[in-house]
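Heads up, the thing below is written out as C-alpha cells.
Any read-out appearing in this document is the output of simple, stated calculations on the displayed coordinates, not a laboratory observation. On a predicted model such as this, the values are computed, not experimentally measured, just so you know. Note that we place each Cβ from the backbone using ideal geometry, even for glycine, and neighbour counts take in every protein chain shown.
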Amino acid sequence: MALEVACDGTPAQTGTLSWDLNVFRPYQGIGEINSLQNVANSSYNSLQVTLRHHRGPVNLGVSYTYGHSIDTASDRYEATFVDSFDLGANRASSDYDERHLLNVSYIYRLPLVDWAKGLNAFLGGDNGAGQGPPSFANNVFRNWVLSGITVYQSGTPFSVINGTSASGIGALDNAGLALGLGEDSYPDRARGISCSSVASASGTFGPVLDNRCRFVAPRGLTQGDAGRNSMYNPARTNFDWALLRDFKVWGERTLQFRTEAFNIFNTTQFRIYDPVKGNTASNTISCYGNWDSLYNVGVSFSAGAPNCTAGNGFLRPVDAHRPRTIQFGLKFNF
C-alpha cells in the first residue's frame, strides 16, 4: 500500500481506486505545514578587465567580465526546487549567471567639415585652395558625433523540468514525493544522442533551439539527473548606435538633436526561458515518445520523438529580445 501511494502521488479521483494521500498524513485536518529557513548559500568569482583609449576625435572603451555565480537558490520564491531534504542537490549556476560579458563603447567626432572642404576642393569650388565655403560647412557638417555600444553576453541558465505526461511516463511527481510545492522531477540526460531541429510544427511558434533527444524519461521513483539550471539561453550580440549634434541657440546654451537606434541590424535574438514568465512550455517536457518501437534508434521515451512534435513548445522560444527600434529626440542643455 505504501508503494502504491509513492508511485501514484496524486489525490484520489471520484470513481477510481487511487489512494487518498491525506489518509496517510500524520497531522490530520491540517492542509500544509510550511517552514521558511535561511539555509541557502551562494558564491561569485570573476575576472574583470577594462581598457580605455583616447586619441584625437575617438574615445574607445572595452570591458570584459568572466564570472561564475553559484548558489542553492537564487530567489526566496524559487520556482524549481525538487528536493527540500537535499539542499546540496540544488546547487548549480545561479538563475542570473552570465559567464561572459563583453562591452565595447565608442564615441567618434565625425570630421565632416574636413570631408566637405575636401570634396569642395576636389570639385574646384574654391579654386584648389582647399578652404571651401566655411559658412556652409560649419552650419551643416560641424559637431556631428557618432556613438555606440556593442554587447556580447552569454545566455542565462534555466532548468528543464517534467510536466504531466499523457502516458504517465516522467510525470510531474515521478518520484512519488507528493510535495505539492511545484515541479518535483527533472528528466534524465542521454549522452551522445541528437536529432534534427524542427523548424516549425502545427500549433507551435519559432524553431527548436536545442537538442530535444538528449532528454529522456527519468527512471521510476527518481527525480532525474538533468539537475537544476542545466541549460542556457542562446548568447546575444547587440549593436546600439546614436548620431547627435549640438546647436548653440542662446549664449552658452545648446540644443542637442539625437537619432538613436537599438539593435540596429535587427537581428532576431530568441530566448527560451524568461524568469519573469516563470516555468512555461518552453522549459517543460510534457511528452515522451517511444523511439524504440517507432524508429529503433536505441532511445526509449525521448522528448525528441516525432510523435511529440505537434503543439509542443519544449525548447522553442518563449520570446525574443527587442527588435530594431529607432527614436529621435531633442535635449536642451542650460
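Brief remarks follow.
- A straight chain from L112 to H53 at 0.36 nm per residue would run longer than the Cα-Cα distance by 19.0 nm.
- Of the peptides 48-61, 257-270, 301-314, the ranking by mean beta-carbon count within 10 Å, highest at the top, reads 301-314, 257-270, 48-61.
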